[in-house]
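Below is one structure, written out as structure tokens; comments come after it.
The values are calculated or read from the model by the stated rules, or taken from the named source; none is laboratory data. Everything numeric in this text was worked out from a predicted model, so none of it was measured. Cβ: placed from backbone, ideal geometry, glycine included. Neighbour counts: every protein chain shown.
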């Protein structure tokens, strides 16, 4: 786990000072290592960079926060370009996700980044620096955030907005499944892969249940590769209970975390945990702690959106608690309600407009990267834990969106 910084000057002016500022602004969590790169070389450092010996009009920076013991320092250099791969490839069986991504990129990074996005399932962002060009891309679901923007002669991309703000750049999200190509002539977006609404499949309730169990189990198993201990945000609802069961079945030493303000009802979570035979940690927070944490939540969310802040605050508490109890991976049931019609508003729309609700559900799933995933990933990253969302699995999404509304 880590954070990406990328800059290109259209005039060729040195951007190393701005890259250094971006890395210092990246997150409040101490880094396990830092890296700088230009097309001519890579510099790996144990602490945030000061002045850099790598001076160039094109540069990458990386802040490493290890979620897994084998997470490598970055950037790396190959075939005359530098690259950063931040995230996971769920089908990877090699020594690391970075090495698999680097192999896919090959000698031609422009072709390789398109191949990566078109062919591989994962949650990731990737950046490449070569002479006169920066390439940045995102997986088609969009769990791992990536932003881009321009200010005068400087084009940039980063894992969060505040990194770009530190370089004087206003940021907007890079759409999932897209590549941003930054050159001396400006920025062009290339759409490589998109979510597509699948046709409705003819399937019985029993068949759907069997397929759902297999797909969710596969999604969880892929996301537990190499994970010994982890935490799960747990409410006792269907989505978090299903994940708890699957994670336990995969052999993860699971830490269930349920948080709320003083006076919150924890009975449902306690009963569900008892039924699963898993320990649970309950934590309540006073109104004064809401006020104390509000500024940090706003910095993490990076938007003055009351709804997003209200959701992010308890997530911050849960992620911070997870990190404090030794977890570096945090699982969430986010995405299940959009995928399987779990909101009351879907029921009401179906009653009023019939099958038109299917379009609403698809739109909500396709826009989850903006509404939910980016917010939650950044809040968890600020707490020092890596967010993993099994319900954001590409195969599971395709299956869920194809189910008849009658089920």
Worksheet entry | Single residue of 239, 255 found to be touching a residue at least 60 places away in the same chain (Cβ under 8 Å), crowded, with 19+ Cβ neighbours inside 10 Å, touching a strand residue (DSSP E or B) at 6+ places or on another chain (Cβ under 7 Å) and assigned by TED's automatic domain parsing to the domain that holds residue 279 | 255
Discussion item. Here is a check on your reading of the model: is residue 168 surrounded by fewer than 21 Cβ atoms within 10 Å (Cβ to Cβ), outside the structural domain of residue 301 (by TED's automatic domain parsing) and assigned to a loop (DSSP other than H, G, I, E, B)?
Written reply: yes
Item to complete: Within the range 11-47, work out how many residues are within 23 Å of the chain's Cα centre (by Cα) and either in a loop (DSSP other than H, G, I, E, B) or surrounded by fewer than 21 Cβ atoms within 10 Å (Cβ to Cβ) (or both).
Response: 11
Response to the item:
Among helices (runs of 4 or more DSSP H) completely within the range 295-407, the ones holding 2 or more residues that are touching a strand residue (DSSP E or B) at 6+ places or on another chain (Cβ under 6 Å) and more than 18 Å from residue 197 (Cβ to Cβ) are 306-324, 374-383
Worksheet item: Can residue 157 be described as touching a helix residue (DSSP H, G or I) at 6+ places or on another chain (Cβ under 6 Å), in contact (Cβ under 8 Å) with a residue 60 or more places away in the chain and either loosely packed, with under 15 Cβ neighbours inside 10 Å or within 20 Å of residue 374 (Cβ to Cβ) (or both)?
Response: no
Discussion item. So if I check each of 344, 294, 315, which one is surrounded by fewer than 17 Cβ atoms within 10 Å (Cβ to Cβ) and closer than 30 Å to residue 27 by Cα?
Written reply: 294
Discussion item. Where the second residue is at pLDDT 95 or above and part of a loop (DSSP other than H, G, I, E, B) and the first is closer than 15 Å to residue 400 by Cα and outside the structural domain of residue 65 (by TED's automatic domain parsing) and lies in the range 326-349, which pairs have Cβ atoms under 6 Å and are six or more apart or on separate chains?
Written reply: 334/389; 335/389
Item to complete: Mind listing whichever residues of the range 258-276 are in contact (Cβ under 8 Å) with a residue 12 or more places away in the chain and part of a loop (DSSP other than H, G, I, E, B)?
Response: 262, 263, 264, 266
Discussion item. Restricting to the range 187-206, name every residue that is at pLDDT below 95 and not in a loop (DSSP other than H, G, I, E, B).
Written reply: 205, 206
Item to complete: Give just the number: which of (1) farther than 29 Å from residue 166 by Cα; (2) in a helix (DSSP H, G or I); (3) touching a residue at least 24 places away in the same chain (Cβ under 8 Å) does residue 116 not satisfy?
Response: (3)
Worksheet entry | Whichever residue in the range 294-314 is without any contact (Cβ under 8 Å) to a residue 60 or more places away in the chain and touching a helix residue (DSSP H, G or I) at 6+ places or on another chain (Cβ under 6 Å) and, among such residues, is farthest from residue 254 (Cα to Cα) | 309
Worksheet item: Regarding residue 123, is this residue part of a strand (DSSP E or B), in the same structural domain as residue 40 (by TED's automatic domain parsing) and surrounded by fewer than 23 Cβ atoms within 10 Å (Cβ to Cβ)?
Response: no
Fill in: Output for the range 366-377, where each listed residue is surrounded by fewer than 24 Cβ atoms within 10 Å (Cβ to Cβ) and under 12 Å from the mean Cα position of the chain (by Cα)
370, 372
